[in-house]
Structure formats: structure tokens, C-alpha cells
Amino acid sequence: MKALEHVFVTLKSHKDRSSVSLVCKDWYEAERKSRTHVFIGNCYSVSPEIVIKRFPNIKSVTLKGKPRFSDFNLVPPNWGADIHLWLVAFASAYPFLEELRLKRMVVTDESLELLVQSFPNFKALSLVSCEGFSTDGLELLATHCKNLTELDIQENSFEDLEGSWLSYFPESFTSLEVLNFANTQSEVSFAALEQLVARCKSLKVLKVNKCVTLEQLQSLLVQAPQLTELGTGLFSGDLTAQQHTELTDAFDNCRNLQALSGLWDAASIYLPLLYPACANLSFLNLTDAALQSEDLANLLPNCPHLRRLWVVDTVEDEGLEAVGSTCPLLEELRVFPSDPFDEDGILGGGGGVTEAGFVAVSRGCHYLTNEPMDEGFEAVVKTCTKLRRLSVSGLLTDLAFEYIGKYAKNLETLSVAFAGSSDRGMQCVLEGCPKLRKLEIRDCPFGDAALLSGLEKYESMRSLWMSACNVTMTACRLLAKEKPRLNVEVINEEENDDTQAEKVYVYRSVAGPRRDAPSFVITL
């Protein structure tokens, strides 16, 4: 048994581990005892007690909470996904816990206090799109986590009481390897930040917020030329000739960069400063830069090894054409809307596609023509046979979903908004995409027939979200009756209509209905 456990330690893939655990009882036992990391894609799909019973030696936990459409304010406040009960259970079962990575969870200062008190060897905390805490909680982490190597707080909604939390790291603290506070709003103590960066010689990832100026960025880069990932602060302003030269030299020395982001309010005049540092970039995130097509076209030739690119739709068709002509190794392209809450935006859906398909979209189906983009998305799904994630919105008829069902055989996640003609569209996807795990739909003309067409599919998926569609409570009740192992939750914020299902969230669970559902969530 011990020999098997040593072998299984080398297995890093969750899928591989799940497969070997099904071979026989000995392999099941060896896998459960050798596993040190667990990924839970839905905090309500399982309970802490079940996780602890199954895996006794966990050191790292990744846990996701709210549905992704909460990023668009479609999930009401106080919906749930609080981390606290999980931490209470982990405190007694996993005192050796070292890493916690949370997404769309509620994390309070009380929970952070419990964390620093319960796990003396804690090393890494990543909070993405979380809420509920304040800078007081960050001060606790800085003060008490002596072995911290990673603090990643991005895109969170928290109370920023003051900007001095970085100064709570002791002067003897030198272990930090990852620091990301890119999306915090207030100024931090730059003196404390500069000293921290200078002390932590193993720092590889540094992402600062837009309050950090170009002049301050130069000082940080001088202290940490070894960075592999950089998120700049504000990338505009007035620099003297000497400051310009010093910043040029600083970027010229950052030859190890593999990922670059930030560039808030990027001024065209300063973009050439980046060119020497782009030689080894594999990931370029320009979602905070909102570059124009000409700026993107000038930047991309300096990134010959680029594999992932995120841009805003301000680059327009010309920018996408530049992507196609200068990024031969590109594997992922995401185009985000400059206004994500604009229901009229057509290019707002960013999909994981290669350049060949997306250039076909930009050339053949220009959104200003007001014609359906069905043929464009046919080109995407036919050309990109390895496509795993796709977001679509706007002028799409059922024909586009027929193409998706016919060609997107590796599709795992599909997000749909303001698209489709009838139930047939959703039916084509459910019938034709064998690897589909997450289906997210908003403001589409899909109704009961579409929902019920997935009766045999939902138990093999992680989740289904439908909001502002034509689904009734009757269909939801039928789904819940036919598939008792699914949690079918209906969110109805409008009390005057008990026939329509305003928002429907369906997911598989081995823990049964959740016990913390608020009054506006009806579990069928």
C-alpha cells in the first residue's frame, strides 16, 4: 500500500487520480491517503465532512462558490457560499493546511482570523472575486503568517479601511513569492511595498494597483528584475527624460517576464518601453488597458511566443486581424466588452479560440451589418476542434447552436447571452456536446422544453444556470422529481409571480439540499 501511495503522489491530474481510485479497493485507499490537494468546483456539491472523511491528508484546497454570472450582478446579495464552516471543519481535520484558493466565496475578517490561528504553517492564500473582508483581515495575514509565500487578492469586493496593511509584514519576513493586489482601489504605503519587494528575493509574481505610478514602478523593477509575472500600475503620466531612460533600462533588464498585465490608462508614447521585456511573454492581459488597434498592432510583433491574449473590444476588427497575422502560436484569445453591462454589445463574449477562427469571425461577419453571426461561429467551432470554452452573445439564431452541437465535441463550458431563436438551440447543445460540464444562459428564448431536454445530461455536468429565460416552476419541479440527486434551486426575487422561474441553478451534489439557503432561494 505504501508503495502505491508513493507512486500516486506523482499524479498531478485530478482526472487521473479519479480514474485510478476506481480500479480496486487497494488503489482507492492508496489514492485517498496520498492526495494532498483537492479541487471543489461548487462548494455545495459536497460537504466539508464528506471531503474530510474521503481525504485525510489534504494540504491544499481550491474551492469555488457562486455561479459565474454573479460577476454580472445576476446573483442576489446574501446568496451564500460562506467559507467559515469549511474553515471550522478544516481547523480540526487539517491543521497542516498550507494553501487555500477561493473563488466567488464570502470571506469575512472572522474567517481570516480563524485561518491564521488554526494553520501555523499556512503558506498561500488566493482570493478571486470574493467579498466580505476588510484590510483588517489582510493585516492579520501579514502579521501572523510567518511562512507566507503567496498573497493573491484580485477582483474582490472588500472594505479598504486604509492602505497601510503592507507595513504589517515584519522586517524579518522574506518568504513572499507571489503578491497580487492589482484590483484594490486605495493607495498602499509605497515605502512598505518597496521594502517588502527588496527583502523578498524569491519574488516571482508582482501585480500592483493603478495607484502605483510609472516612476514608482521603475523603482520596484530595479529591486526585482527576476520577476516572471508583472502587473503594472498606471501606465500614463508625465516623465522627465531621465525618468524615461531609467524606466527603459528597468524594463530592458526584465527579460524573464512570461506574463504581463495592468497597463491602466496606457499612453501610446510609453508602450515602446515594454518591447524589450516582451520577448518571452506567453500571456498578455490587456483588459485594463483598452488599447486601440494601432497600439495592439505595434505591440504584438514584440511577443513572438504569445500563447494567451486577453483584450478589450476597443481593438476592433483591425486589432483582431493583427492578432491573426502576428501570433502564430496563439492558443487562447478572449475579447472582453469595454462595457460588460451593455446588453447591446455583440463582441462582448470572449471565447477561448485560436486566431484562425476568430479572424474568420472578424472578416466575414462584421457586427455592424446587423446580420446574424451564425456562419462566423460555424467557422470558429469547425476550425477550433480543441475548443473547450466558448462565450457567445448577440445576433445568433438556432443555427449557430446547431453548429456548436455538431462540431464542438470537446466543449466543456458554454456561456450564452441574448442569443438563440427557440428551444431548439439549447437542445442542440445538450444533445451534441458530450463533454459539456457547465452551461450558463441568460436572456435567451429557451423555455421548458429546452430545460427538460437535458434530463439525461445534467447529472454528468457540474452545473446549469438559466436566468431571464422562459422557464416555469412546473418544469423545474418535474426536473427535481425526475433527478433527485440534483439540487434544483430557483431564485425568485419578485414575490408577485409564482409560476415563472426567474433564475434557475441546477447542480449535482452528494450532500443534498444546502442548509444555508436564503428565503428567496427555493430548493425543489
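Structural remarks
- Taking the numbered list (1) among the aliphatic types (A, V, I, L, M); (2) buried (at least 16 other Cβ atoms within 10 Å of the Cβ); (3) under 30 Å from SER519 (Cβ atoms); (4) out of contact with any strand residue (DSSP E or B) (no Cβ under 6 Å at 6 or more places or on another chain) in turn, VAL61 passes all entries but (4).
- Residue list for the stretch 227-250, filter: open to solvent by less than 40 Å² (accessible area, probe 1.4 Å) and within 21 Å of PHE283 (Cα to Cα): LEU227, THR228, LEU230, GLY231, THR232, GLY233, PHE235, ALA250
- Qualifying residue in the stretch 65-79 (condition: part of a loop (DSSP other than H, G, I, E, B), over 19 Å from HIS37 (Cα atoms), touching a Cys at 6+ places or on another chain (Cβ under 7 Å) and without any contact (Cβ under 8 Å) to a residue 40 or more places away in the chain): no
- Filtered residue count, the stretch 94-131, keeping only those that are closer than 16 Å to PHE55 by Cβ and open to solvent by less than 30 Å² (accessible area, probe 1.4 Å): 3
- Subset of the stretch 405-445 [within 18 Å of the chain's Cα centre (by Cα) and more than 23 Å from LEU74 (Cα to Cα)]: LEU411
- Condition met for ARG437 (modelled with pLDDT of 95 or more, within 20 Å of LYS483 (Cβ to Cβ) and open to solvent by 50 Å² or more (accessible area, probe 1.4 Å)): yes
- Looking across the stretch 300-315, just one residue is out of contact with any Pro (no Cβ under 9 Å at 6 or more places or on another chain), surrounded by 18 or more Cβ atoms within 10 Å (Cβ to Cβ), part of a helix (DSSP H, G or I) and not β-branched (Val, Ile, Thr), and that is LEU300.
- LEU273 over 27 Å from VAL323 (Cα atoms) and among the aliphatic types (A, V, I, L, M): no
- The set of residues in the stretch 489-513 being under 19 Å from ARG68 (Cα atoms), at pLDDT 90 or above, more than 24 Å from the chain's Cα centre (by Cα) and open to solvent by 20 Å² or more (accessible area, probe 1.4 Å) consists of GLU502 alone.
- Some residue of the stretch 191-201 being open to solvent by 70 Å² or more (accessible area, probe 1.4 Å) and either at pLDDT below 95 or within 14 Å of LEU227 (Cα to Cα) (or both): yes
The values are calculated or read from the model by the stated rules, or taken from the named source; none is laboratory data. These numbers come from a predicted model, not from an experiment. Don't worry about glycine lacking a Cβ; one is built from the backbone with ideal geometry, like all the others, and counts go over all protein chains shown. The accessibility values were calculated without ligands, DNA or RNA, using every heavy atom of the protein model including side chains. Shrake-Rupley method; radii C 1.70, N 1.55, O 1.52, S 1.80 Å.
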